[in-house]
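Visitor: What follows is a single structure, and I will ask about it in a moment.
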Amino acid sequence: MNKVLSKKQLSEEVYEMVVEAPLIAKARKAGQFIIVQTDLDWGERIPLTIADADARAGTLTMVFQTVGASTHKLARKNPGDCLPAILGPLGNPTHIEKFGHVVCVGGGIGVAPLYPIVQAMKEAGNRVSVVIGARTRDLVIFEDRMREFADELTVVTDDGSYGRKALVTEPLKEYCAGEPRVDMSVAIGPPIMMKFCVKAAAETNTPIMVSLNTIMIDGTGMCGGCRVTIGGETKFVCVDGPEFDGYKVDFENMMTRMKAFRGREDQDHHKCHLDLGLPPHPAPASPAAK
Ligand code: FES
């Protein structure tokens, strides 16, 4: 059992939750994820990235978006409630070393899993430039936290309501074309954003890592839902990733596969199963927000 210690609503659909999980808090590394279950009977396994951890306090911070039945259920947990199971840390940690100048780009809720990477890259001695973006001002998250570790921070919004009116790809392109040279870049966000970040980095042959955690389902390597094509080979995000060389990712294939789950997710989140006391579907797992 993992006790919920605090819950904060960051925007209409995004929550930050701190939970007790001392062993995971101690062991986790940047880039890894956890599996959360809100109930053990028909409870879906929700793969969530770790936004932060405090090894001394034994706590984990998760940031998630309420996109389906299970994440809505998680959002209804309050301080003092318990989560029956948290499994982790899972997945391969981010490759961290002293590259030189690293540009970290996060879009939407992808800013949360980017945060431990920014910390780790800074602690490894890199100069770290951070770009975070959202559709609009209210959806910008983790700005203050990023400022603590970033050598430079650029905030962009699609509608220009806060920071610079731009897509995250624009500052990324500028960094890649400017000085000091960018030795490594990292992008985490919606697949379409990462696809265009790779395109932007390609203009200057800048290396780029992307995190494909949004496609995971059960996170164990058994369901096959996170199958992606990397450099022409089949890989599973939960066991081979979640991070990959951006140049090798077949984003078109990934986005097509993600669309296939959308109808099922809507069905599972239909009001009658949540609010009218009817039994939930004994349904196959469906993808959750990270
Ligand atoms: S999430 Fe099921 S195999 Fe990876």
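Any read-out appearing in this document is the output of simple, stated calculations on the displayed coordinates, not a laboratory observation. These numbers come from a predicted model, not from an experiment. With ideal geometry, Cβ positions are generated from the backbone for all residues, glycine too; neighbour counts draw on all protein chains shown.
Visitor: Taking 45 Å as R0, compute the FRET efficiency from the Cβ-Cβ separation of MET1 and LYS199 and round it to 0.05.
Guide: The formula returns an efficiency of 0.50 here.
Visitor: I'd like the distance between the alpha-carbon centres of the stretch 112-138 and the stretch 64-84, rounded to an integer number of Å.
Guide: Centre-to-centre distance over Cα atoms comes out at 26 Å.
Visitor: Calculate the dipole size of the chain relative to its Cα centre from +1 charges on Lys and Arg beta carbons and -1 charges on Asp and Glu beta carbons; express the result in debye to the nearest 20.
Guide: Charge dipole, the chain, about its Cα centre: 180 debye, nearest 20.
Visitor: Next question, about the same structure. Apply the Karplus parameterisation 6.51 cos²θ - 1.76 cosθ + 1.60, with θ equal to phi minus 60°, to every residue of the stretch 170-177 and state each ³J(HN,Hα) to the nearest whole Hz, in sequence, with x for glycine and proline.
Guide: Listing the rounded values in order: 5, x, 4, 4, 5, 4, 5, 8 Hz.
Visitor: I would also like to ask the following. If Lys and Arg each add +1 and Asp and Glu each add -1, what is the summed charge of the other residues whose beta carbon sits under 12 Å from the beta carbon of LYS26?
Guide: Charge balance in the 12 Å sphere: +2.
Visitor: Just order 147-157, 210-220 by mean Cβ neighbour count inside 10 Å, highest at the front, would you? Please list the in-between numbers first.
Guide: Working: 147-157: 17.5, 210-220: 24.5.
Highest-to-lowest ranking by the protection proxy: 210-220, 147-157.
Visitor: Rounded to whole Å and sorted largest first, what semi-axes of the equivalent ellipsoid does the C-alpha gyration tensor of the chain yield via the square root of 5 times each eigenvalue?
Guide: Value: 30, 21, 18 Å, ordered largest first.
Visitor: In Å³ and rounded to a whole number, note down the convex hull volume per residue for the Cα atoms of the stretch 1-138.
Guide: Dividing the Cα hull volume of the stretch 1-138 by its residue count gives 103 Å³.
Visitor: Also, quick follow-up: Give me the net charge for the shell around GLY133: Cβ to Cβ below 12 angstrom, other residues only, Lys and Arg +1, Asp and Glu -1.
Guide: Taking every Cβ under 12 Å from that of GLY133, the sum is 0.
Visitor: What ranking do 135-143, 165-173, 29-37 get when scored by the average of other Cβ atoms within 10 Å per residue, highest first?
Guide: 29-37, 165-173, 135-143
Visitor: Rank MET146, TRP42, VAL63 by how far each Cα sits towards the positive end of the charge dipole of the chain (+1 on Lys, Arg Cβ; -1 on Asp, Glu Cβ) and give me just the farthest.
Guide: TRP42
Visitor: Considering only the other residues whose Cβ falls under 12 Å of the Cβ of GLY221, what net charge follows from Lys and Arg at +1 and Asp and Glu at -1?
Guide: After counting each charged neighbour, the total is 0.
Visitor: 5 Å is the cut-off here: which amide hydrogens, built 1.01 Å from N in the peptide plane, fall below it relative to ILE208, excluding neighbours closer than 5 in sequence?
Guide: Sorted by chain and number, the residues that satisfy this are SER185, GLY246, TYR247.
Visitor: Looking at the chain only, what percent of DSSP beta bridges run antiparallel? Nearest 5 please.
Guide: On the way: 35 of 58 bridges.
Of those bridges, close to 60 percent are antiparallel.
Visitor: Pairs LYS7/LYS73; LYS29/LYS122; LYS3/LYS73; LYS195/LYS248; LYS3/LYS77; LYS26/LYS73: which exceed 18 Å Cα-Cα?
Guide: Where the Cα-Cα span goes over 18 Å, the pairs concerned are LYS26/LYS73.
Visitor: A follow-up question, please. Between 0 and 90 degrees, rounded to the nearest ten: what's the tilt of helix 191-202 against the longest Cα principal axis of the chain?
Guide: Helix 191-202 sits roughly 20 degrees off the main axis of the chain.
Visitor: By counting other Cβ atoms within 10 Å of each Cβ, how are ASP54, ASP41 ranked from fewest to most?
Guide: Placing the least packed residue first, the sequence is ASP41, ASP54.
Visitor: A further question follows. Hey, what's the per residue convex hull volume over the C-alpha atoms of the stretch 151-209, in cubic angstrom?
Guide: 85 Å³
Visitor: Additional query: Tell me, what are the semi-axes, in whole angstrom and largest first, of the equivalent ellipsoid of the stretch 122-255 as set by the roots of 5 times the Cα gyration tensor eigenvalues?
Guide: For the stretch 122-255, the ellipsoid semi-axes come out as 26, 17, 15 Å.
Visitor: Of all beta bridges DSSP finds with both residues in the stretch 31-153, what is the antiparallel percent, to the nearest 5?
Guide: 60 percent
Visitor: While we're here: With 20 Å as the cut-off, how large is the P(r) tail for the stretch 72-143, expressed as percent of Cα-Cα pairs?
Guide: Above the 20 Å cut-off, the stretch 72-143 has 50 percent of its Cα pairs.
Visitor: Under a point-charge model restricted to the Cβ atoms of Lys and Arg (+1) and Asp and Glu (-1), what is the dipole moment magnitude of the stretch 84-170 relative to its Cα centre, in debye to the nearest 20?
Guide: 40 debye
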